[in-house]
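Asker: Below are the structure tokens for one structure; questions will follow.
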Amino acid sequence: GAVVSQHPSWVICKSGTSVKIECRSLDFQATTMFWYRQFPKQSLMLMATSNEGSKATYEQGVEKDKFLINHASLTLSTLTVTSAHPEDSSFYICSAGGGSGTDTQYFGPGTRLTVL
Amino acid sequence: AQSVTQLGSHVSVSEGALVLLRCNYSSSVPPYLFWYVQYPNQGLQLLLKYTSAATLVKGINGFEAEFKKSETSFHLTKPSAHMSDAAEYFCAVSLIYNQGGKLIFGQGTELSVKP
């Protein structure tokens, strides 16, 4: 149980375009989902926390208008990288949990974004 | 504020040898602590977690960790390394009490296993 999927697993796009990444909890309802960014050989950096039906909470330094997060249902959250630039190239990972009081997050397999 | 420090960005052991990956935490409240493993180009897989029950926690793949409050440590061990254990390992603390499960990760430790 507790499987989280991400789609796509990798994407290449041109500079200036937007890219949408989906995160789904396949066998449980996730009231809270988290989006992380990971640069090569580095740790995960939390970008934002999204709760179903409400606005995402962004970490300090993360541009809300550039990284749009939508958590429209208990099984789906999306991250849209708007007007992508080469510096946005990274590995994006989502995780899902049952919300406050749940002690475990389950991670998706990640999405490799390359912006040319 | 909560934080996690992993001592040693890279650890190398021989196959069959003891694995010890170090993690120290800082938390103003009793923490929830986790160890995750990441294989190349993949997401994170939960190895084990401490949630204020038994201080010695057993996880998957033969790993275990001991919570030591006096030392603020949560080191990960495995008695005998296997080639398949080569991966990146992350220790994390959860802000479960006040921020809905937000995880703070350590810097990661890359484990290499020599034949």
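Asker: Quick one: how many residues across the stretch A:1-17 are more than 14 Å from chain B (Cβ to nearest Cβ) and surrounded by fewer than 15 Cβ atoms within 10 Å (Cβ to Cβ)?
Answerer: Selection size over the stretch A:1-17: 5.
Asker: Among what's in the stretch B:49-58 and is open to solvent by 30 Å² or more (accessible area, probe 1.4 Å), within 12 Å of another protein chain (Cβ to nearest Cβ) and not polar (S, T, N, Q), pick the residue that is nearest to the chain's Cα centre (by Cα).
Answerer: B:K49
Asker: When the stretch A:70-92 is examined, which residues are found to be aliphatic (A, V, I, L, M) and modelled with pLDDT of 95 or more?
Answerer: Within the stretch A:70-92, A:L79, A:V81, A:A84 qualify.
Asker: crowded, with 16+ Cβ neighbours inside 10 Å and within 13 Å of chain B (Cβ to nearest Cβ): does that describe A:A84?
Answerer: No: the conditions fail for A:A84.
Asker: Then there's this: For the stretch B:71-84, indicate whether the set of residues that are in contact with a Ser or Thr (Cβ under 6 Å, 6 or more places away or on another chain), open to solvent by less than 40 Å² (accessible area, probe 1.4 Å), outside any strand (DSSP E or B) and more than 11 Å from chain A (Cβ to nearest Cβ) is non-empty.
Answerer: No, the stretch B:71-84 contains no residue that is in contact with a Ser or Thr (Cβ under 6 Å, 6 or more places away or on another chain), open to solvent by less than 40 Å² (accessible area, probe 1.4 Å), outside any strand (DSSP E or B) and more than 11 Å from chain A (Cβ to nearest Cβ).
Asker: Right, another one. From the list B:Q45, B:Q38, exactly one residue is in contact with a strand residue (DSSP E or B) (Cβ under 9 Å, 6 or more places away or on another chain), closer than 19 Å to A:K41 by Cα and either open to solvent by 70 Å² or more (accessible area, probe 1.4 Å) or among the acidic types (D, E) (or both). Which is it?
Answerer: Matching residue, one of B:Q45, B:Q38: B:Q45.
Asker: Looking only at the stretch A:18-43, filter to residues that are over 12 Å from the mean Cα position of the chain (by Cα) and within 12 Å of another protein chain (Cβ to nearest Cβ); which one of those is least open to solvent (accessible area, probe 1.4 Å)?
Answerer: Result: A:A30.
Asker: Among the residues in the stretch B:56-70, are any outside any helix (DSSP H, G or I) and at positive phi?
Answerer: Within the stretch B:56-70 (the criterion being outside any helix (DSSP H, G or I) and at positive phi), the answer is no, since none of the residues qualifies.
Asker: Could you check how many residues of the stretch A:44-74 are within 14 Å of chain B (Cβ to nearest Cβ) and in a strand (DSSP E or B)?
Answerer: So the count comes out to 11.
Asker: Counting only residues that are within 19 Å of B:V113 (Cα to Cα) and either at pLDDT below 90 or more than 14 Å from every other protein chain (Cβ to nearest Cβ) (or both), give me the strands (runs of 3 or more DSSP E) lying completely in the stretch B:1-48 with at least 2 of them.
Answerer: The qualifying strands (runs of 3 or more DSSP E) are B:10-14, B:19-26.
The values are calculated or read from the model by the stated rules, or taken from the named source; none is laboratory data. Keep in mind it's a predicted model, so treat the numbers as computed, not measured. Virtual Cβ from ideal backbone geometry, glycine too; neighbours counted across all protein chains shown. To get the accessible areas, we keep the full protein, side chains included, count just its heavy atoms, and leave off ligands, DNA and RNA. Shrake-Rupley method; radii C 1.70, N 1.55, O 1.52, S 1.80 Å.
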